[in-house]
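Read the figures in this text as sums done on the coordinates, not as results from a lab. Computed from a predicted structure; not experimentally measured. Note: ideal-geometry Cβ built from the backbone for every residue, glycine included; neighbour counts use all protein chains shown.
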There are 6 protein chains.
Amino acid sequence: MVIAAHPDDPEFGCAGTVMKWAQAGRHVTYVLLTSGDKGTPDPEVRPGRLATRRESEQRQAAAELGVAQVIFLRHPDGMLENTMELRRQLAAMIREHRPNIVVAIDPWRHYQLHPDHRAAGQAALDAVYAAREWHIFPEQLVDGVDPWRAKELYLFWTENADYWEDISCCIEARIAALMRHASQITDVEKLAERIRQRARDAGEKAGLDAAEEFKRFQF
Amino acid sequence: MVIAAHPDDPEFGCAGTVMKWAQAGRHVTYVLLTSGDKGTPDPEVRPGRLATRRESEQRQAAAELGVAQVIFLRHPDGMLENTMELRRQLAAMIREHRPNIVVAIDPWRHYQLHPDHRAAGQAALDAVYAAREWHIFPEQLVDGVDPWRAKELYLFWTENADYWEDISCCIEARIAALMRHASQITDVEKLAERIRQRARDAGEKAGLDAAEEFKRFQF
Amino acid sequence: MVIAAHPDDPEFGCAGTVMKWAQAGRHVTYVLLTSGDKGTPDPEVRPGRLATRRESEQRQAAAELGVAQVIFLRHPDGMLENTMELRRQLAAMIREHRPNIVVAIDPWRHYQLHPDHRAAGQAALDAVYAAREWHIFPEQLVDGVDPWRAKELYLFWTENADYWEDISCCIEARIAALMRHASQITDVEKLAERIRQRARDAGEKAGLDAAEEFKRFQF
Amino acid sequence: MVIAAHPDDPEFGCAGTVMKWAQAGRHVTYVLLTSGDKGTPDPEVRPGRLATRRESEQRQAAAELGVAQVIFLRHPDGMLENTMELRRQLAAMIREHRPNIVVAIDPWRHYQLHPDHRAAGQAALDAVYAAREWHIFPEQLVDGVDPWRAKELYLFWTENADYWEDISCCIEARIAALMRHASQITDVEKLAERIRQRARDAGEKAGLDAAEEFKRFQF
Amino acid sequence: MVIAAHPDDPEFGCAGTVMKWAQAGRHVTYVLLTSGDKGTPDPEVRPGRLATRRESEQRQAAAELGVAQVIFLRHPDGMLENTMELRRQLAAMIREHRPNIVVAIDPWRHYQLHPDHRAAGQAALDAVYAAREWHIFPEQLVDGVDPWRAKELYLFWTENADYWEDISCCIEARIAALMRHASQITDVEKLAERIRQRARDAGEKAGLDAAEEFKRFQF
Amino acid sequence: MVIAAHPDDPEFGCAGTVMKWAQAGRHVTYVLLTSGDKGTPDPEVRPGRLATRRESEQRQAAAELGVAQVIFLRHPDGMLENTMELRRQLAAMIREHRPNIVVAIDPWRHYQLHPDHRAAGQAALDAVYAAREWHIFPEQLVDGVDPWRAKELYLFWTENADYWEDISCCIEARIAALMRHASQITDVEKLAERIRQRARDAGEKAGLDAAEEFKRFQF
């Protein structure tokens, strides 16, 4: 399960890894906290319209990567806060979908300037913790819903990577998926090159041609 | 759409009316903010277990009344607060289900001692207002989801009734539905008689044998 | 000082009284908590644009009534909450402008369905209380800013009126001022007649031809 | 158990009744949410100093009435809010002291202008409800602390009185106790006469010489 | 004064140091924000029961270490938030107990995944700051309660240690104390060895056989 | 625009740089979130009095540095929280004043023990982000107020400096300005020497005699 703040966050952060996992037969679910409804410099584009377009872009990108399911929680873009209510909602997601792996944004990254990214990352982690306890949010634990203990946690956009996933196989396909977020992209070639460079840089640390990097926790 | 705090609130408050409407072909949806997970004097009954049982009781009761759909939001029983987040969630419900009529608890009732009842009523009303505006919670207004303007609002458990629904047809069937909430009922006969008496009292004000009473708004 | 939630609230609620007071030489200030930025059924009208228009309408209406000053706090329309922060902001207003009379919306009115109206009324009253204390919000009490004790409080949109202001003099001028809020009005004649009727109804209770009614407190 | 916002609230609202109950052998506990630390027109009196004095006045007044125990929670005067945290704290009080009767301020009173009085009243009532449930605030229910169900609830400063306590016996002693709050009283004689008048007015409704009035609930 | 989130936090983090200080005649107080009421994988163990057991375990462990006093604030385990209300409560503790040294969890530690640990650490630090100011929470400063300025601050579970306490004397006694938290421990030997290893690792940095490490501030 | 928590924060953190910029013709605005109303060890100094004095000190210091404008938001000292409401207020400031550069406190600094400094820094950064979006706080975007995209962000009190401003020109003048905050300074010479030393230390990293250091972002 990938928990992120906006459509395109997964494709910017961990799409190669997602693709490999999907190809290996894993069932991948995206949970998008917002639908990116405010991400436009054009005042005449209404938030709901933009959300429609971005959800569609996200579904296409996810489909290309082999993601099985995309869930939109439609919180307001740009105004996410790590409240107990959001933790509750994400814990319910985790308890329902029972992911072995949760992928999220690293909220401890210095100078993570986007408030949504900090809030989304922290809420995801706090929900992973809450989801496994019988006595936290016990109202969710109706028959068929049990506490769930994710086995691994991968944080992307991190400055403390300790795990590198080789994405040589998938670098171009992953860039193609990113390009589905056309509403957010101005210079396609420049962005593609930026992603390639970033994959090379990450790979270099691990002796790989191209990699995505994560801070990983195994419980 | 009936918005209430706990399983059994609708059956206590407006089940006869619901039954008549359902028989008349109206599509009735229940939205239960909590699953009543704390409603037991037995400390050994876990909240999740109780929620399971009460959701089942609520589904049975609703089925007997002809309710088409029952939705549980699973907020924690006994701790509801009328937050902007709850308003957002209920506005999304209203925009998705597009009810002509919203039925809710009257939050202005003097000495409504249950905090959940006040919160549920107020949140429902504030959501009715929010749901109709293009620029409130615009992130919800993706294609296929538009603002929605409920046409009527019925408040039950009110001390300012101005509308009485004749439920002579349905009084016993409505009591039978209430009895489905077995986990909450100790003396079946006494409760049945209490409901009958209340229906007679309400009816008397309107020259009816048996009635349920509401404060009604038509927009 | 008139504290209200939206442009047009004062003109709907107390404009005749305001006009009389202004004509009698009183210095009247409007404090508008929001600029009514969401008050449109047209999704293509941006909130900022609408706020611009409504602030302009409000300034015109106020000018016609003789209001000396109009202050817009630009909170988000439709989402007001009676927070400690809003109380602090209004207490600062009261301490700065030192009004003898504060006019506000009655938040206790049963079935005041607009959440902004309840919040605006309650926040105004709580601020009147806070403003007079030396030890509440003491950070505001720099030289030249002292606690301030309003002498009278008038609540409009009330169901417990105990004061009627004769507005026979001003009923048509007051309706003209209301008409400045053209963005919010569809049927001019119908609205004018509604205001006239309401003034007659209120007046009747006090033996006047036309009145506005208030719940009044004198401290 | 009397739950009130400020020192002197009990003596203004229900001291005659408290005295009768104490004389009849009941164990009365006062819980004061604030120590009235902001109740002075003199900017040079520090809040802590005033709190010291008012706690002392309250202890003296309580002692004269026969109150067994006075507890000060020392929330900030003038800024009480009915939060879940305050409800939790009051529920713990109720579970610890196990009162048969809870006396509190009526929060539904129209035009209860003091925000602390509304908050204190509502929090007390919500805590009475919470205190009796096994699954609300379960972290408090360590050995020796059980849920507690108050048997009666008396609300003072109400406009819906349905119970009158004859205080003919105690009217002067009760006024004497009130006078202990010397920091809050300017004209002793005027105040004494006001209390006498109020007791006469309340008594008249019930055919008594002097009474205190309450909205009463028996569970 | 040691401020921690759960029973067993002090024994995991700083028990050797506590023991040395107690033996040296210092008066040590524990403040536990929660009673660890949710720390069980067994759904049938009620939170209150577990809290009872864990408070008892904590008292035993503290007694063995020579801790003079253990205070339980009984906030809900797993749901701590660093609110102004918690800061207020901890500032009152500090002002009452007047500790020269405050020991707390380092909230800045990267990947401190337990939300309670972050909240408890931050709240403790913010309270240390607040406690020393005359004008913060002035309602607490009744006679006998003055602002209090802790002289030193020790943070445990830190990645920026700059102080190492030699605990060679006490390593086994400290492990024994930890073992009192039997409800939280599955493999006694493995845990003991883990603690020994950690003490050796910490000691190595400072040329000691066994140490506990802290980020220390001296004011 | 320099956004800081208290009067004297800018003079402690970035006054030399401010002076150079002002001398180079840049229009510098200070936004002070609090007026430092609690910064005294003397309980008899009222917060409002102290705020008066500190605002005056701040105005003098700013004048000497060539700052064009000083704005005081008068939030309560010592109790700042990074709320959505504060973000809204700062976004309005940025949209109104349209600064090319925003200078703020680095909220990521480890062991930034002052809660106001963390809150002020984070709120400033989140406001920079919000200010540039058309659909965040749209109620502010009336005619004449547009989204605003700051071009550079300088964070002071940082442990990750990547920009050093040569302040050799201004070190003594900047110290003189700091000395205007006489209410906060006990040992003038010691403080002056501390500032000189800090400037030398910062300068050394960049091969300068005296510098102020920043973490800088260019967008």
If the label for E:Gly25 sits 7 angstrom from Cα along the Cα-to-Cβ line, what are its distances to the same label in every other copy, in nm to one decimal, shortest first? 5.3, 7.1, 7.1, 7.9, 9.3
What number, in percent, do you get for the relative contact order of the range A:110-219 if the mean sequence gap of Cα pairs under 8 Å and at least 6 apart is divided by its residue count? 33
Can you spot the lysines whose alpha carbon is less than 22 Å from D:Lys38's alpha carbon? Ignore those fewer than 8 places along the same chain. C:Lys151, F:Lys38
Counting only DSSP beta bridges with both residues in the protein assembly as shown, tell me the antiparallel percent, nearest 5. 35
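What are the semi-axes of the equivalent ellipsoid for the range B:22-153, taken as the square roots of 5 times the Cα gyration tensor eigenvalues, largest first, in whole Å? Walk me through the intermediate numbers first.
Numbers: eigenvalues 135, 69, 42 Å².
Working through the eigenvalues yields semi-axes of 26, 19, 15 Å.
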Expected max-MSF residue from F:Val188, F:Val67, F:Val102 in the GNM of chain F (alpha carbon, under 10 Å) is F:Val188
What are the ³J(HN,Hα) values, in whole Hz, obtained from phi via the Karplus relation 6.51 cos²θ - 1.76 cosθ + 1.60 with θ = phi - 60°, for each residue of the range C:141-153 in sequence order, with x given for Gly and Pro? 8, 6, 3, x, 10, 10, x, 9, 10, 5, 8, 9, 10
Shortest first and in nm to one decimal, what separations exist between E:Arg149 and its copies in the other chains, measuring from label points 7 Å along the Cα-to-beta-carbon line? 3.9, 4.9, 4.9, 5.5, 6.5
Residue-by-residue Karplus 3J(HN,Hα) for the range B:6-12, coefficients 6.51, -1.76, 1.60, Hz, glycine and proline x: 9, x, 5, 4, x, 5, 6
Give the long-range amide H neighbours of C:Ala211: residues separated by 5 or more places, or on another chain, with amide H under 5 Å away, using H modelled in the peptide plane at 1.01 Å from N. C:Ile167, C:Arg200, C:Ala202, C:Gly203
Helix-derived [θ] at 222 nm for the protein assembly as shown: sum -39500 (n - 2.57) over DSSP H runs of at least 4, divide by residue count, nearest 500? -13500 deg cm²/dmol
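Which whole number gives the average, over all residues in F:35-48, of C-beta atoms from other chains lying within 10 Å of the residue C-beta? The partial results should precede the final answer.
Numbers: counts 3, 1, 7, 8, 2, 3, 5, 2, 11, 3, 2, 8, 12, 13.
Rounded to a whole number, the mean comes out at 6.
Excluding C:Glu44 itself, calculate the net charge of residues whose Cβ lies under 12 Å from the Cβ of C:Glu44, where each Lys or Arg counts +1 and each Asp or Glu counts -1. Don't jump to the answer; show the numbers that get you there.
Details: positive: A:Arg46, A:Arg49, C:Arg46, C:Arg49; negative: A:Glu44, C:Asp42.
Residues near C:Glu44 contribute +2 overall.
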What residue of chain B has the nearest C-beta to the axis that moves B onto A, and what is that distance in Å, given as a whole number? B:Glu85, 2
Give me a comma-separated list of calculated 3J(HN,Hα) values for the range D:23-29, in order, Karplus coefficients 6.51, -1.76, 1.60 applied at θ = phi - 60°, integers in Hz, x for any Gly or Pro. 5, 7, x, 6, 8, 9, 10
The range D:1-101: chymotrypsin sites (Phe, Trp or Tyr not before Pro) falling in loop per DSSP and having at most 14 other Cβ within 10 Å: none
Compute the signed sum of charges (Lys and Arg +1, Asp and Glu -1) over the other residues within less than 14 Å, Cβ to Cβ, of A:Glu81. -3
Long-range amide H partners of A:Val70 with built H, under 5 Å: A:Tyr30
Using a 7 Å Cα-to-Cβ projection, A:Asn100 label spacings across copies, nm, ascending: 5.2, 5.6, 5.6, 6.3, 7.9
